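Please treat every number below as a calculation from the coordinates, not as lab data. None of the values given here were measured: they were computed from a predicted structure.
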Amino acid sequence: MVKKRTAGIIALILLFGFFLRIPYFFHTMQDIDEGSHAAIATALLNGGLPYIDAVDNKPPGIFYVYLVTFFLFGKYNMAAVHMVTFLWTIATAAILGILAKKLEGDRMGTVTSVPLKSY
């Protein structure tokens, strides 16, 4: 069972991450990379092949994250992309925090999780 203090720390970390991301939920495109990733994911969703029908110098993983998001929530739904990437960041911070806690104790778990949320 999660202790009250631990639950409070987790809630604060989640709120911290959410408040840092608020501007991302109100802008359609953050930068040229998001537009490129969205266009490539849409090409893949329409049956294209990466690096043949749509080209970028990024590894293909991000294109497939966008592809799955567009498949589930609609093409060019950037609000959904921003929410998925926010949740992915939260999950990554949680996993790293748990690993750090197991290896180094409670304090290191918190110290590990918080900086990742500011990225």
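Tabulated data
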read-out	value
P(r) of segment 31-74 over all Cα-Cα pairs, binned every 5 Å from zero, in whole percent	5, 27, 38, 21, 7, 0
Semi-axis lengths, Å, the chain, gyration tensor of Cα atoms, sqrt of 5 times eigenvalues	33, 15, 12
Interchain or long-range residues, amide H under 5 Å from Ala54's placed H	Leu49
Note, ³J(HN,Hα) from phi for segment 19-31, Karplus 6.51, -1.76, 1.60, rounded to Hz, x at Gly and Pro	5, 5, 8, 3, x, 5, 6, 10, 10, 5, 10, 7, 7
Mean ellipticity per residue at 222 nm, deg cm²/dmol - from DSSP H runs of n ≥ 4 across the chain, formula -39500 (n - 2.57)	-23500 deg cm²/dmol
